[in-house]
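Structure first, then comments.
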Amino acid sequence: MDFKHIKENEEKSVSEKKEKVSSDYWRQKYHIQGIVGLINDPNGFSQFKGKYHMFYQWNPLKTDHTAKYWGHSVSGDLLHWERKKTALRPETVYSKNGVYSGSGLTINDKLYLFYTGNVKDEKGNRDSYQCIAISEDGENFERIEPVITNQPEGYTRHIRDPKVWEKDGIYYMIIGIQNDDLKGKAALFSSENIYDWKFLGEIAGADKGKLGKFGYMWECPDYFQLKDEKTSEIKDILVACPQGLEAQGDLYNNVFQSGYFIGKMDYKKPEFIIENDFIELDRGHDFYAPQSMEDDKGRRLMIGWMGVPEQEDYPTVKNEWLHCLTLPRELKLKNGKLYQVPIEEMETIRGEKSEFSGSVKGEKEIGKGTVYELKAEFSDISSDFGLKLRVGENSETVLKFDYNEKKFILDRSSGEQPDKSLRKVYLGDIKTLELDIFVDNSSVEVFINGGEEVFSSRIFPEKGADKITVFSENGINVKIEKWEWK
Ligand code: FRU
């Protein structure tokens with residue numbers, strides 16, 4: 001097979017479209033995005049020779065999911081990313097219909113990538129190959145394909161998204177898989193030498209343990225440990241993206257979900273013993289397929305795709321690009337609950353500061369901005385209140401606490417995306433509310449009460465929409481600090 005055209009087509013598409021893309025006022029300032037085309041899952045999130053490496057699913061040709069490459073960016077601070085040459089292209093026999101998602105791990109001074117080679121024949125039959133790529137310089141990769149061919153017995157060819165870690169000299173791989181009864185699962189493999197992998201069994205999934213009906217396929221599983229900051233207990237965390245959960249009130253409103261279980265990993269059995277219910281990681285419109293890594297400061301960092309599958313109708317498509325990744329967040333466990341907090345590096349991009357404090361009844365403009373961080377502390381809560389961001393003639397993004405429903409609501413319905421639905425989370429009887437909000441040219445990320453809940457959503461305000469207002473029905477006390485981004 002001749003794959004020469006794969007790289008040529010990519011380069012042609014990039015050179016033809018990149019000017020149009022870069023002139024779009026919705027282009028992000030501090031979020032990883034494709035130079036052209038569509039991006040989706042973060043891949044291979046790792047640290048290598050002192051730098052953070054992020055790869056991502058990338059279709060350089062179109063704003064749809066028909067071709068998948070691994071784009072590559074490198075950063076010293078997780079905020080300023082330098083685009084590197086394309087790491088992996090669908091230019092091999094074992095990946096010709098897509099270099100699908102996977103992870104990264106530094107082993108003996110080499111960067112290893114683990115990914116799924118997707119192959120389809122003319123009838124649409126699928127082969128899934130788990131593969132490895134190795135780099136000594138962090139930029140050029142030697143591919144070893146495949147190390148696992150298709151599925152173990154009892155499963156379908158939906159097997160993808162390997163996440164690899166090392167424990168006591170053994171390598172483990174967790175991978176999304178579907179069984180013959182069309183139930184989504186997470187499977188565990190092990191290897192002593194990184195090349196020969198043994199199927200140990202499924203560790204969690206629909207119709208297993210305490211889970212009943214729970215999706216027809218699990219994508220992008222992740223596994224890690226966190227020490228509880230309050231109890232000092234070490235807990236195992238399993239992240240998964242089950243496809244096929246039905247919406248239940250405010251839960252599971254996106255096309256597919258990503259969330260976590262806390263529990264205990266039994267490597268011998270093997271089983272992930274689930275102790276809690278599935279909790280969605282993010283309450284916003286645009287969050288899927290997150291990936292985590294532990295950095296050399298001992299932090300568990302997570303970045304998600306700020307987008308969801310099957311939603312390709314965002315207004316940036318007319319400018320030849322679609323989707324981005326979220327800002328990085330740090331994960332912490334406190335009293336058995338996962339908190340997601342903005343990384344401390346966010347403070348390094350704080351520029352000019354403005355403040356407001358006082359009582360607001362009705363609606364009051366308190367500042368302006370398009371790319372910034374805003375911290376707000378509300379107290380004396382006795383009615384509906386909130387903030388409006390990116391307010392223009394025709395659009396606004398509303399962050400509101402509904403006093404009767406006791407819910408926090410994100411309303412981006414006036415923006416230029418076709419999806420007008422709201423996202424909500426129940427907060428209960430609150431005395432105060434703390435928000436840490438990150439606004440980029442076409443996104444908002446809201447961390448509530450020190451990271452107890454997070455909302456990540458793309459927003460598409462009209463050009464120049466920059467007013468910030470505070471509103472309340474009966475009056476609210478508010479203290480605001482805002483920093484323009486440098
Ligand atoms: C999740 C996903 C993965 C797959 C990749 C393909 O968004 O469907 O399961 O590897 O995207 O781009």
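The table that follows gives values for the structure above.
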item	result
Looking only at the stretch 252-272, and only at residues there that are crowded, with 17+ Cβ neighbours inside 10 Å and hydrophobic (A, V, I, L, M, F, W, C), the one that is nearest to the ligand (Cβ to nearest atom)	PHE256
Number of positions in the stretch 470-486 that are within 9 Å of PHE378 (Cβ to Cβ) and surrounded by fewer than 18 Cβ atoms within 10 Å (Cβ to Cβ)	2
Subset of the stretch 255-302 (residues that are under 15 Å from LYS337 (Cβ atoms) and among the aliphatic types (A, V, I, L, M))	ILE262, ILE279, LEU281
Selection within the stretch 96-112 - within 13 Å of the ligand (Cβ to nearest atom) and surrounded by 22 or more Cβ atoms within 10 Å (Cβ to Cβ)	VAL99, TYR100, SER101, GLY102, SER103
Number of positions in the stretch 113-130 that are buried (at least 20 other Cβ atoms within 10 Å of the Cβ) and of a type outside the set (A, V, I, L, M)	8
Every pair of residues 6+ apart whose Cβ atoms lie under 8 Å, when the first sits in the stretch 219-230 and is on the phi < 0 side of the Ramachandran plot while the second is more than 16 Å from the ligand (Cβ to nearest atom) and open to solvent by 90 Å² or more (accessible area, probe 1.4 Å)	PHE224/GLU294; GLN225/ILE234; LEU226/ILE234; LYS227/GLU233; LYS227/ILE234; ASP228/ILE234; ASP228/ASN335; LYS230/ASN335
Residues being part of a strand (DSSP E or B), touching a residue at least 12 places away in the same chain (Cβ under 8 Å) and either open to solvent by 40 Å² or more (accessible area, probe 1.4 Å) or more than 26 Å from CYS241 (Cβ to Cβ) (or both) - total across the stretch 131-144	4
Residues that are more than 13 Å from the ligand (Cβ to nearest atom) and either surrounded by fewer than 17 Cβ atoms within 10 Å (Cβ to Cβ) or among the hydroxyl-bearing types (Ser, Thr, Tyr) (or both), drawn from the stretch 36-61	SER46, LYS49, GLY50, LYS51, TYR52
Hits in the stretch 176-211 - residues which are in contact with an Asp or Glu (Cβ under 6 Å, 6 or more places away or on another chain) and either more than 28 Å from LYS120 (Cα to Cα) or part of a strand (DSSP E or B) (or both)	GLY176, LYS185, ALA187, ILE203
Qualifying residue in the stretch 203-210 (condition: without any contact (Cβ under 8 Å) to a residue 60 or more places away in the chain and crowded, with 22+ Cβ neighbours inside 10 Å)	yes
Residue check for LYS51: in the same structural domain as CYS241 (by the TED database) and more than 23 Å from the chain's Cα centre (by Cα)	no
Only one of TYR314, TYR372 that is outside the structural domain of LYS49 (by the TED database) and not charged (D, E, K, R)	TYR372
Count of the stretch 159-191 residues which are open to solvent by less than 20 Å² (accessible area, probe 1.4 Å), within 22 Å of the chain's Cα centre (by Cα) and more than 24 Å from ASP207 (Cα to Cα)	1
One residue from LYS12, LYS18, LYS7 being more than 16 Å from the ligand (Cβ to nearest atom), open to solvent by 10 Å² or more (accessible area, probe 1.4 Å) and either part of a strand (DSSP E or B) or under 28 Å from GLU345 (Cβ atoms) (or both)	LYS18
TYR339 under 30 Å from GLY50 (Cβ atoms), away from the ligand (no atom under 16 Å from the Cβ) and at pLDDT 95 or above	yes
Residue that is farthest from the ligand (Cβ to nearest atom) [pool: residues in the stretch 298-307 that are open to solvent by less than 20 Å² (accessible area, probe 1.4 Å) and outside any strand (DSSP E or B)]	ARG299
Top-ranked residue in the stretch 362-403 [being among the aromatic types (Phe, Trp, Tyr) and buried (at least 18 other Cβ atoms within 10 Å of the Cβ); ranked as nearest to LYS424 (Cα to Cα)]	PHE401
Filter result (in a loop (DSSP other than H, G, I, E, B) and either β-branched (Val, Ile, Thr) or outside the structural domain of GLY44 (by the TED database) (or both)) within the stretch 243-297	VAL255
Test: GLY138 is within 13 Å of the ligand (Cβ to nearest atom), in contact with a strand residue (DSSP E or B) (Cβ under 8 Å, 6 or more places away or on another chain) and not polar (S, T, N, Q)	no
Near pairs, Cβ below 7 angstrom, 6+ apart or cross-chain, from the stretch 65-93 (over 18 Å from CYS131 (Cα atoms) and open to solvent by 30 Å² or more (accessible area, probe 1.4 Å)) to any residue that is basic (Lys, Arg) and outside any loop (DSSP other than H, G, I, E, B)	GLY76/LYS51
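Residue-wise test of (1) under 21 Å from ASN9 (Cβ atoms); (2) of a type in the set (Lys, Arg); (3) assigned to a loop (DSSP other than H, G, I, E, B).
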residue: ASP41; (1), (2), (3): no, no, no
residue: SER46; (1), (2), (3): no, no, no
residue: HIS53; (1), (2), (3): no, no, no
residue: HIS65; (1), (2), (3): yes, no, yes
residue: GLY71; (1), (2), (3): yes, no, no
residue: LEU105; (1), (2), (3): no, no, no
residue: GLY117; (1), (2), (3): yes, no, no
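The values are calculated or read from the model by the stated rules, or taken from the named source; none is laboratory data. Predicted, not measured: the structure shown is a model, and the values here were computed from it. All Cβ positions, glycine included, derive from the backbone under ideal geometry; neighbour counts span all protein chains shown. Note: accessible area is taken over every heavy atom of the protein model, side chains too, but ligands, DNA and RNA are not part of it. Shrake-Rupley method; radii C 1.70, N 1.55, O 1.52, S 1.80 Å.
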